[in-house]
Amino acid sequence: MTQIIKARALAKSYRGVRALDGVNLDIEAGRIVGLIGPNGAGKTTALKAILGLTHFEGELTVMGKNPYTERDSLMRDVCFIADVAVLPRWLRVHQALDFVAAVQPRFDRSRAEGFLSKTDIKSTSRVRELSKGMVTQLHLALILAIDARLLVLDEPTLGLDLLFRRQFYDTLVNDYFDKERTILVTTHQVEEIENLLTDVLFIQRGRIVLSTSVEDLGARYVQLTASTEQARLARQLQPFYEREVFGRVALFFDGRAPEELQQFGEIRTPSIADLFVAKMQGEAA
Amino acid sequence: MNIMPMLIRRELWEHRFLWVVPLVIAGLIVIAAMFPHASVQIDPEDIATPEKYLGLFALFHSAMTVPQFLLLSVLLPYYLIDCLFAERKDRSILFWKSLPVSDAQTVLSKLLVALAVIPLGVFVLTLFTDVAATAILAVRFHGAQMMGAFLRWDLQTWLRTQGLILAALVMLVLWYAPLAAYLLLVSAWAKRSAFLWAVLPPLAAMLVEKIAFGTHYVAALLGYRLSGKVPIGFVGHAADKAGSGGEHAAAMIERLKPLTALANIDLWLGLAVTVALVWLTIRIRRHQTES
């Protein structure tokens, strides 16, 4: 497996506040990695460091390059949508195509035009005349027509309605992703991407608190739903988090065999969203 | 792959006023030439001798072009203060930085637009404006003897006048380059109100110097750099030689020696400062994301 991103003791402080505090990362090719964390956990800072937008301490290489000093050559192989709607408002659609075609050798203009022909976006329109959803479609058409090895998405669907969000991820998975490419995505809407992900990274207070593939996640974490009495017994097996749901208790276990827990109630692999909440609340407690 | 032409086109897309305003002015000059204006009075004395005639001829053609360059002295500073500030304000810097374009290429493209593309483009535009307006006037005043004589085309003088303007333009650009680089630096650095940040530090420096030491070195230095005396290469004083219009104009033009600025050490010092400021601007843009 080719390693795409490698970080060792990656750190970054803003005026004495540690935004990243010794992050280690190993992201391999062909994965869809979700970087998930609460607000202010360091997600955006981590992505900025990976994209060469900010200076950092520690060791970080993206495809063997230092992103801060080699951003321009790195961007031949990396593309990103950082937040939503950063396309300049004065830009016309055909100008955007002209520009990217001239500066990005891996851009396939006809592919971008193909994406755009499926939308209502006119090539003479300016970005300021498009709706928020259309701007995202345009940006996505530009990015997906670049034959890049790493795609980084930071809250790509923020502020979009459900239809656009669904369409966005469908396009991403069906028309773009293959085993050669890697996608790193952050979002607050974890439920929407959880079926796409191959790997998850939980980040909290500038540290990676969980780094696992989705397959391993099922082997390691178990969610037990039990009645209050059964839960009392199950607590001896040391769940790291629990919460009450409709008079029953959901208990989360790390590294317990399902056979051990079956006797107390229903067991299943927790959803990434539930696990995220469990980890974050559990750590805080 | 050479991406500079595209980066320059990008600037002209975003800052359309850079070429729209000069085009409008050129259009107005040509239109003005089509309408009668009674105020044009030429004293036969002024064009009595070939020297006088040529002086006035040169003055006339300079008058067609110089307003455009005065206008640039407003448009270009505005552009320079805005260009690296606007991309952070609207956050589009995150889009530009997602493409394989280095910060050096971006900063240089903006400097190139301000110091070469627009000045030279406007110079070429003024040549066309001048020829068009002169041709229109020549046709209109074909019968009138005085004006007809005045509009007699003298290619050699015309080329010399335009050559002089071009030389002065190039020298002005080189002379003002450090100011352009300073504005670019402020544009890349200021978190808000880039215009104030461009203007206040020099004013503050002057004030502090005045209060603390009672001297005016900063003001003198700025005044020296802002005045176009060195790059135009004006020798002597305007009032040296009294005379009628034609002779006066001829004398004025005789005394403009823009290329002498090349021998002035301050021009080269200014260029060295420009290089340093541009280098700093590139460094600043490298870690800028949004304001």
Checklist line | Some residue of the range A:137-151 being polar (S, T, N, Q), touching a helix residue (DSSP H, G or I) at 6+ places or on another chain (Cβ under 8 Å) and farther than 21 Å from A:Ile5 by Cα | finding: yes
Next item on the list: Considering only residues that are among the aromatic types (Phe, Trp, Tyr) and within 8 Å of chain B (Cβ to nearest Cβ), look in the range A:79-111 and name the one that is most open to solvent (accessible area, probe 1.4 Å).
Entry: A:Trp90
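Within the range A:213-226, track down each residue that is open to solvent by 20 Å² or more (accessible area, probe 1.4 Å) and touching a strand residue (DSSP E or B) at 6+ places or on another chain (Cβ under 6 Å). Quick ask: steps written out before the conclusion?
We begin by selecting, within the range A:213-226, every residue open to solvent by 20 Å² or more (accessible area, probe 1.4 Å); these are A:214-216, A:218-220, A:225.
Result: A:Thr225, single match.
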Next item on the list: Tell me, yes or no, whether the range A:134-155 has at least one residue that is modelled with pLDDT of 90 or more, touching a strand residue (DSSP E or B) at 6+ places or on another chain (Cβ under 6 Å) and open to solvent by 10 Å² or more (accessible area, probe 1.4 Å).
Entry: no
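Which ones in the range B:195-220 are touching a Lys or Arg at 6+ places or on another chain (Cβ under 9 Å) and within 22 Å of B:Leu183 (Cβ to Cβ)? Before the answer, list the steps.
As a first pass, look at the range B:195-220 and keep what is touching a Lys or Arg at 6+ places or on another chain (Cβ under 9 Å): B:197, B:216, B:218-219.
Residues satisfying the conditions are B:Trp197, B:Val218, B:Ala219.
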Next item on the list: Would you mind telling me which numbered condition in (1) aliphatic (A, V, I, L, M); (2) at pLDDT below 85; (3) within 18 Å of the chain's Cα centre (by Cα) A:Leu163 fails?
Entry: (3)
Check: When you go through (1) modelled with pLDDT of 90 or more; (2) within 14 Å of chain B (Cβ to nearest Cβ); (3) touching a helix residue (DSSP H, G or I) at 6+ places or on another chain (Cβ under 7 Å) one by one for A:Gly34, which number turns out not to apply?
Finding: (2)
Next item on the list: Could you grab me the full set of residues in the range B:96-132 that are under 27 Å from B:Thr65 (Cα atoms), crowded, with 21+ Cβ neighbours inside 10 Å, more than 15 Å from the chain's Cα centre (by Cα) and small (Gly, Ala, Ser)?
Entry: B:Ser109
Notebook entry, point to check: When B:Ala190 is evaluated against the numbered criteria (1) farther than 24 Å from B:Trp268 by Cα; (2) open to solvent by 70 Å² or more (accessible area, probe 1.4 Å); (3) in contact (Cβ under 8 Å) with a residue 24 or more places away in the chain, which criterion, by number, is the only one it fails?
Noted result: (2)
Check: Of the residues that sit in the range A:227-279 and are hydroxyl-bearing (Ser, Thr, Tyr) and more than 27 Å from A:Gly37 (Cα to Cα), which one is most open to solvent (accessible area, probe 1.4 Å)?
Finding: A:Thr228
Note to self: Step by step: first the residues of the range B:73-95, then only those that are open to solvent by less than 20 Å² (accessible area, probe 1.4 Å) and without any contact (Cβ under 8 Å) to a residue 40 or more places away in the chain, then the one that is nearest to the chain's Cα centre (by Cα). Which residue is that?
What the structure shows: B:Glu87
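Being charged (D, E, K, R), assigned to a strand (DSSP E or B) and over 22 Å from A:Cys79 (Cβ atoms) is the filter here; which residues of the range A:1-33 pass it? Full working, then the answer.
Taking the range A:1-33 first, the residues charged (D, E, K, R) are A:6, A:8, A:12, A:15, A:18, A:21, A:26, A:28, A:31.
Remaining after also requiring assigned to a strand (DSSP E or B): A:6, A:8, A:12, A:18, A:21, A:26, A:28.
Residues satisfying the conditions are A:Arg8, A:Lys12, A:Arg18, A:Asp21.
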Checklist line | Any chance A:Arg76 is within 9 Å of chain B (Cβ to nearest Cβ), basic (Lys, Arg) and open to solvent by 20 Å² or more (accessible area, probe 1.4 Å) | finding: yes
Notebook entry, point to check: For the range B:160-179, does any single residue satisfy the condition of being open to solvent by 60 Å² or more (accessible area, probe 1.4 Å) and closer than 30 Å to B:His287 by Cβ?
Noted result: yes
Next item on the list: Mind listing just one residue for me: the one in the range A:53-70 that is open to solvent by less than 20 Å² (accessible area, probe 1.4 Å) and at pLDDT 90 or above and, of those, nearest to the other protein chains (Cβ to nearest Cβ)?
Entry: A:Pro67
Checklist line | Within the range A:103-215, helices (runs of 4 or more DSSP H) holding 1 or more residues that are more than 20 Å from A:Ile272 (Cβ to Cβ) and without any contact (Cβ under 8 Å) to a residue 60 or more places away in the chain | finding: A:109-117, A:132-144, A:162-171
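Name every residue in the range B:97-143 that is assigned to a helix (DSSP H, G or I), within 14 Å of chain A (Cβ to nearest Cβ) and among the charged types (D, E, K, R), in order of residue number.
Going residue by residue through the range B:97-143, those that are assigned to a helix (DSSP H, G or I) are B:103-140.
Applying the additional criterion that residues be within 14 Å of chain A (Cβ to nearest Cβ) yields B:103-109.
Hit for the range B:97-143 is B:Asp103, nothing else.
The values are calculated or read from the model by the stated rules, or taken from the named source; none is laboratory data. Small disclaimer: the values here were computed from a predicted structure and weren't measured. Glycine gets a Cβ as well: all are built from the backbone with ideal geometry, and neighbour counts include every protein chain shown. Accessible surface is based on the protein model in full, side chains and every heavy atom, while ligands, DNA and RNA are left aside. Shrake-Rupley method; radii C 1.70, N 1.55, O 1.52, S 1.80 Å.
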